[in-house]
Amino acid sequence: MATSLSYRIAVSPTTSNRSDEVLTPAALEFVARLDNEFAGRRRELLDARRLRRDELNAGERNLDFLPETAPVREDSTWQVAGAAPGLEDRRVEITGPTDRKMTVNALNSGAKVWLADFEDATSPTWSNIVSGQVNLYDAIGGDIDFTTDAGKRYAIGDDPATIVVRPRGWHLVEKHVRIDGRPVSAALFDFGVYFFHNAQRLIDAGVGPYFYLPKLESHLEARLWNDVFVLAQDLLGIPRGTIRATVLIETITAAFEMEEILYELREHIAGLNAGRWDYIFSVIKNFSKQGADFVLPDRAQVTMTVPFMRAYTELLVRTCHRRGAHAIGGMAAFIPSKDPAANAVAFDKVRQDKEREAGDGFDGSWVAHPGLVPVCREVFDGVLGEQPNQLGKRRDDVSVTAADLLNVAGAGGELTETGLRNNINVALRYVDAWLRGTGAAAIFDLMEDAATAEIARCQVWQWIYNGTKLANGEPITTELVTGLLDEELASVRADIGGPGSRLDDARQIFVETALGETLPNFITTGAYARYLTSAS
């Protein structure tokens, strides 16, 4: 590709001493070419998101399967590209950020796939983003290791996991790179730098450039990604259809367009994933003003077996297998501890969750810690045996209506002060970690990412807005939450405060995103602009 530098590209300095290896003029020109081509469509689609969300919250629009795309759903003849080398068997996938330690540990974990995450599991400091690209470049070249403070060295073994990169979502920008004066799309930056440096090397190694696509809300957003893939492959002289993507169905609107999303990406798609935590966040956000029918109970009570979540996951399996795509299950976030009794209880819950997924027909599932890989693998081994997937399990018995997907009230449960306090406490802890540069944070024996903080603060806002009452009859008000916030902040500060603490900033962010008059779409967008672009 020619490197004419026909765009004015401004790049912030980075603390990574190897940034020049990935932020090359040619790579930046490639990113600029993509961003220049698609910036306008990206903005239009984000505007369409906001309009639909406003209409749903105002009761001016009903969410249903699209009548204009019915021919796509009714045509039984089309199939997706499906698996590519290294993606045939996905029975266990491990997720995590792209820091050097996680890169080595994930590749050596025994999982079939590593979701290398620039999105919710990465705090998007400039140094994190750049060093993550360096780490992936080294890993693909087989030239990466990690040495602990104690001097123990870890290197990649003989059978590493297949790398699937998750770039940031369409709604985010990378303010440290400006193209003709405007910040570049974070999604296109993450995708473009990785693809430019590694696509051909991956192909030469017998696999390919693979991606997880987050936060999609419509098939038109999937069409945009497909057009990005086509242009990127054409620019580098790579055959069309080489890329494989897996789309996270983690928004309620995307759940109504699963087949259309597969269709738009049919030349490049391998499967869909049930992104359970962001899905709950999306339900709350899109119907936050719609009254008691859309108010969920304590976060811990919203399990995968409540009716609206069952409808969503069963429809996902049916849709995928009808079109030849993999269906990948949700996250097991438990972190093994030194307490055998606690581990026994937690591992049993993980096993039950994976047994449900395997029984439903999922082809694999996610874990957040290497210690959970054997549990997940054992469950799927028991169902798959020597077969790489369950594509033959069509699930033609599944019939899901719009009412099923929207049956939020069917979750039942109750809202307790303990649940309210937990939302406040966990949000404070996570945002503190995120501001310090950690996007995957161990909190109460769970590996939490940004989705948890999003659910927590959205629930609080929704409960206040709708005048929801606790199980003891006490209404949830701004005054009540403010008092509990001060108490929980003191508790968290006593536990994890000290040098480097960002808890005061975390409190301010919580107040702005959970207690304000309006509900911000994302907790991370404003916090990134205010705190991470100057401190990175």
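Summary table
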{"quantity": "Every pair of residues 6+ apart whose Cβ atoms lie under 9 Å, when the first sits in the stretch 171-192 and is of a type in the set (Lys, Arg) while the second is assigned to a loop (DSSP other than H, G, I, E, B)", "calculated": "175/12; 178/8; 178/12"}
{"quantity": "Considering residues of the stretch 363-393 that are in a helix (DSSP H, G or I) and of a type in the set (A, V, I, L, M) only, the residue nearest to residue 270 (Cα to Cα)", "calculated": "384"}
{"quantity": "Leading residue by the ranking (nearest to residue 372 (Cα to Cα)) among those in the stretch 333-361 that are surrounded by 16 or more Cβ atoms within 10 Å (Cβ to Cβ) and among the acidic types (Asp, Glu)", "calculated": "353"}
{"quantity": "Condition check for residue 177: among the aliphatic types (A, V, I, L, M), surrounded by 23 or more Cβ atoms within 10 Å (Cβ to Cβ), more than 30 Å from residue 262 (Cβ to Cβ) and in contact with a strand residue (DSSP E or B) (Cβ under 8 Å, 6 or more places away or on another chain)", "calculated": "yes"}
{"quantity": "Pick from the stretch 302-349, criterion assigned to a helix (DSSP H, G or I), over 20 Å from the mean Cα position of the chain (by Cα) and among the aliphatic types (A, V, I, L, M), ranking: nearest to residue 244 (Cα to Cα)", "calculated": "311"}
{"quantity": "Residue count, the stretch 63-105 (criterion: part of a loop (DSSP other than H, G, I, E, B) and within 26 Å of the chain's Cα centre (by Cα))", "calculated": "19"}
{"quantity": "Residue ID - nearest to residue 257 (Cα to Cα), chosen from residues in the stretch 180-232 that are of a type in the set (Asp, Glu), surrounded by fewer than 18 Cβ atoms within 10 Å (Cβ to Cβ) and modelled with pLDDT of 95 or more", "calculated": "227"}
{"quantity": "Of residues in the stretch 23-45 being within 24 Å of the chain's Cα centre (by Cα) and surrounded by 15 or more Cβ atoms within 10 Å (Cβ to Cβ), the one nearest to residue 192 (Cα to Cα)", "calculated": "31"}
{"quantity": "Cross-chain or 6+ apart pairs with Cβ under 8 Å, the stretch 8-23 first and over 13 Å from residue 135 (Cβ atoms), then of a type in the set (D, E, K, R) and part of a loop (DSSP other than H, G, I, E, B)", "calculated": "8/180"}
{"quantity": "In the stretch 121-142, the residues that are farther than 16 Å from residue 191 by Cβ and touching a residue at least 60 places away in the same chain (Cβ under 8 Å)", "calculated": "121, 123, 125, 126, 127, 128, 131, 134, 141"}
{"quantity": "Residue that is of a type in the set (Lys, Arg) and touching a strand residue (DSSP E or B) at 6+ places or on another chain (Cβ under 7 Å), where the choices are 356, 394, 377", "calculated": "377"}
{"quantity": "Sole exception among (1) over 20 Å from residue 97 (Cα atoms); (2) assigned to a loop (DSSP other than H, G, I, E, B); (3) in contact with a Phe, Trp or Tyr (Cβ under 9 Å, 6 or more places away or on another chain); (4) not β-branched (Val, Ile, Thr) for residue 206, by number", "calculated": "(3)"}
{"quantity": "Residue check for residue 103: closer than 20 Å to residue 197 by Cβ, among the hydroxyl-bearing types (Ser, Thr, Tyr), touching a helix residue (DSSP H, G or I) at 6+ places or on another chain (Cβ under 7 Å) and free of Cβ contacts under 8 Å to residues at least 60 places away in the same chain", "calculated": "yes"}
{"quantity": "When residues of the stretch 74-123 are limited to those that are of a type in the set (Lys, Arg) and surrounded by fewer than 22 Cβ atoms within 10 Å (Cβ to Cβ), the one nearest to residue 173 (Cα to Cα)", "calculated": "100"}
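The values are calculated or read from the model by the stated rules, or taken from the named source; none is laboratory data. Predicted model, so just to flag it, every value in this text is computed and none were measured. Positions of Cβ are generated from backbone atoms using ideal geometry, with glycine treated the same way; all protein chains shown enter the neighbour counts.
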